[in-house]
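The values are calculated or read from the model by the stated rules, or taken from the named source; none is laboratory data. Treat the numbers as computed from the prediction; the structure is a model and nothing was measured. Using ideal geometry, Cβ is built from the backbone for each residue, glycine included, and neighbour counts are taken over all protein chains shown. We work out accessible area using only protein heavy atoms, side chains counted, and drop any ligands, DNA or RNA first. Shrake-Rupley method; radii C 1.70, N 1.55, O 1.52, S 1.80 Å.
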Amino acid sequence: MPQTRARHLITSAIPYINGIKHLGNLVGSQLPADLFARYQRARGNEVMFVCATDEHGTPAELAAAKAGKPVDVFCADMHAVQADIARRFGLSFDHFGRSSSPQNHRLTQHFAGKLAENGLIAEVSERQVYSNADGRFLPDRYIEGTCPNCGYDRARGDQCENCTKQLDPTDLIDPRSAISGSTDLEIRETRHLYLRQSALKDRLAEWIDSKADWPILTTSIARKWLNDGEGLQDRGITRDLDWGVPVRKGDQPWPGMEGKVFYVWFDAPIEYIAATKELTDSRGEPDAAWLRWWRLDQGAGDVTYTQFMGKDNVPFHTLSFPATIMGSGEPWKLVDYIKSFNYLNYDGGQFSTSQGRGVFQDQALEVLPADYWRWWLLSHAPEGSDAEFTWENFQASVNKDLADVLGNFVSRITKFCRSKFGETVPAGGAWSAAERALIDQLTTRIRAYESHMEAMEVRKSAGELRAIWVLGNEYLQSAAPWSTVKTDPEAAAMQVRLGLNLIRLYAVLSQPFIPFAADAMLAAMRTDDRRWPDDVEAALTALEPGHAFDVPEVLFAKITDESRADWQQRFQGVRG
């Protein structure tokens, strides 16, 4: 019987549209999600890996105004920029969608309609600031003024960035519109829709309690929101904005909600579903093609759904989005596992998008190829606690792991073979006890690597992979074919043949972490044999005698002290 392929639905938190993200954003969601997706594909499983840009809400409008562009044009431009950076980092999304898509509009309106049918939407009257000069209600973040607590004169209506005090717009001294600067503001009555999350509290708590295998980071944040203070609060899901998903009850108008849009945090997670539909629509496939991933009554019963995100996104994915799905009363697929990450800090402080502090993704790719960053970020992933990027650590890790261990192995064995046997895999010789011992050690390590990858233990997976590379170096050092060839050319040929096969093996195993280097190694070996080493002994005979290969360019160049000092200086200040 052929083995049935497991099906993995994988999503990473969708990045906000208002700018290029820093490395902390990358390692907190998209990069480990890509690692897992690449690994599952390599094991022969069926994967649907989707992400998107999160395009609605106040910051998108403000960023567009600052850029002097209409918001729809700004979002289209920034989506293209983010998609290009993702591609250059090797992020293997099946689709990188947009939360402003027609598919997300329709699905968001559909969910809202179902929630209303089930009595889970409340209409609430609120008093909100209206700007006569702008002719619109102002969300809290659109109002600036002087903080009553610390006197900072650019505090926002939701929080003072200087002293971090939570504020209401009415707390501000001399409030003004962040759009026009006008002080012609008044308080007016407006109505909004609220998702009655509190009505689903017990069901959500029971669901979270059933997830005993989830990271403590994930469940502890969820329980805090469920139980602290007054417990889980109902949440506003509409805003008085121009840009967003218009409020509709399914495909019907919603009386009293004209001119309003759904709040970005309501529509953004629904984009995971919509992105899958965007993909299948683009291929001209029927709805069954995306429903089989998302609807339990349409074939999604055998899907394992894993989400990746930074800890700041956990409340929305453990509570708000599940409340939307549960509350719809329809058989949508709920997440099976949420892998959350702590923060990556930068050189003694924090990465800061607003202050331009740290390394941003586009800048990183100007400095070094993607695999250098992928390896360091994943091998230092902030799983158990916050992690810190320092240039010294980055230099040491790249030079030691990538250049000295992996790169050096590939260079030594290919150059030696070329000099003594030519550029084909040499024939002759038979394995001895040393080779059998290596196969046993590799098998143990590879099974451990698989186990850590299945469990999404990112740092442990990187540690095992590095240990697998080290085994090859230790074997080469011990076998010393450059000495053996003088007395026993047949044995040296066997040792070299094994070494060349190790390069192919390393490429296959390393591809989830360093895909570009893996491709270069396979190209050098003139093979596209990416079969996973279920049988290590068979994997080490895949390249047969007579098979031609090339000596590759330097796989990983060392980082010099001069370069490190230069980059350290360059990235300490404010991005322009």
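Can you list residues whose amide H is under 5 Å from Ser101's amide H, if they're 5+ apart or on another chain and H is modeled 1.01 Å from N?
Result for Ser101 returns nothing.
Using a 1.4 Å probe on the protein chains only, how many percent of the accessible area of segment 337-394 belongs to carbon and sulfur?
Values: 760 of 1860 Å².
Summing carbon and sulfur atoms, their accessible area is 41 percent of the total for segment 337-394.
Using a Förster distance of 25 angstrom, determine the FRET efficiency expected from the C-beta separation of Glu562 and Asp362, and round it to 0.05. Intermediate values should be presented prior to the final figure.
On the way: r = 23 Å, r/R0 = 0.92.
E between Glu562 and Asp362, to the nearest 0.05, is 0.60.
Take segment 239-295, compute every pairwise Cα distance, and split them into 5 Å bins from 0; I just need the percent in each bin.
Percent of Cα pairs in each bin: 4, 18, 19, 18, 17, 14, 8, 1.
If each of Asp519 and Glu392 carries a label point 7 Å out from its Cα toward its Cβ, how far apart are those two points in nm?
3.6
For each pair in Lys69/Lys277; Lys165/Lys339; Lys114/Lys277; Lys114/Lys201, compute the distance between the two Cα atoms and list the pairs where it is over 25 Å.
Distance filter (> 25 Å) returns Lys69/Lys277; Lys165/Lys339.
Under a straight-distance cross-link criterion of Cα-Cα below 26 Å, which lysines are reachable from Lys486, leaving out those fewer than 8 residues away in the same chain?
Output for Lys486: Lys415, Lys420.
If the chain between Val470 and Ala288 were fully stretched, how many nm would it gain, using 0.36 nm times the residue separation less the Cα-Cα distance? Don't skip to the end; give the middle numbers.
Details: separation 182, 0.36 × 182 = 65.52 nm, distance 4.70 nm.
Gain on extension, Val470 to Ala288, equals 60.8 nm.
Compute and list, largest first, the equivalent-ellipsoid semi-axes of segment 488-576 from the alpha carbon gyration tensor, each √(5λ) rounded to a whole angstrom. Each step should come with its number before you reach the end.
Numbers: eigenvalues 262, 52, 24 Å².
Equivalent-ellipsoid dimensions as semi-axes: 36, 16, 11 Å.
What is the list of residues in segment 369-392 whose amide nitrogen lies under 17 Å from a point 7 angstrom out from the Cα of Arg459, following Cα to Cβ?
375-390
Would you please give the FRET efficiency between Asp84 and Lys400, computed as 1/(1 + (r/R0)^6) with r the Cβ-Cβ distance and R0 = 35 Å, to the nearest 0.05?
On the way: r = 31 Å, r/R0 = 0.89.
It comes to 0.65.
For the chain, give the share of DSSP beta bridges that are antiparallel, in percent and rounded to the nearest 5; count only bridges with both residues there. List each step's numbers first, then the result.
Numbers: 32 of 56 bridges.
Among the beta bridges of the chain, antiparallel pairing accounts for roughly 55 percent.
What is the distance in Å between the Cα centroid of segment 243-296 and that of segment 197-232?
For segment 243-296 versus segment 197-232, the Cα centre distance is 26 Å.
Between Asp140 and Ile216, take the C-beta separation as r, use R0 = 35 Å, and let me know the FRET efficiency to the nearest 0.05. If you can, show how the numbers build up before the last one.
Values: r = 32 Å, r/R0 = 0.93.
For R0 = 35 Å, the calculated efficiency reads 0.60.
What does the charge dipole of the chain about its Cα centre add up to, to the nearest 20 debye, if the Cβ of each Lys and Arg holds +1 and the Cβ of each Asp and Glu holds -1? List each step's numbers first, then the result.
Numbers: 63 positive and 78 negative charges, 157 e Å.
My answer is approximately 760 debye.
For semi-axes √(5λ) of the Cα gyration tensor in Å, which listed value, (1) 36, 28, 23; (2) 40, 32, 21; (3) 51, 27, 20, comes from the coordinates shown?
Here the calculated entry is (3).
With n ≥ 4 as the cut-off for DSSP H runs, can you work out [θ] at 222 nm for the chain, using -39500 (n - 2.57) per run divided by the number of residues, rounded to the nearest 500? Could the numbers behind the result be given before it?
Numbers: 20 runs with 245 residues, N = 576.
After summing the helix terms and dividing by the residues of the chain, the value is -13500 deg cm²/dmol.
Distance from the Cα centre of segment 467-540 to that of segment 411-442, in angstrom?
Distance between centres, Cα-based: 8 Å.
Do any cysteines in the chain lack another Cys Cβ under 4.7 Å, and if so which?
For the chain, the answer is Cys51, Cys75, Cys417, because their Cβ atoms have no other cysteine Cβ under 4.7 Å.
At Thr443 and Gln477, where each label point lies 7 Å from the Cα along Cα→Cβ, what is the point-to-point distance in nanometres?
Distance between label points: 2.5 nm.
In terms of the Cα gyration tensor, with a ≥ b ≥ c the square roots of its eigenvalues, is segment 6-141 rounded because a/c is under 1.5, prolate because a/b exceeds b/c, or oblate? Don't jump to the answer; show the numbers that get you there.
Numbers: a/c = 2.67, a/b = 1.46, b/c = 1.82.
Here segment 6-141 falls in the oblate category.
Label points 7 Å out from Cα along the Cβ direction at Thr4 and Glu161: separation in nm?
5.3
Compute the relative contact order of the chain as a whole-number percentage, counting only Cα pairs closer than 8 Å that sit 6 or more residues apart in sequence. Each step should come with its number before you reach the end.
Working: 984 pairs, mean separation 93.2, N = 576.
After rounding, I find 16 percent.
Probe of 1.4 angstrom, ligands and nucleic acids ignored: what's the accessible area per residue over the chain, in square angstrom?
Values: 23850 Å² over 576 residues.
Result: 41 Å² of accessible area for each residue.
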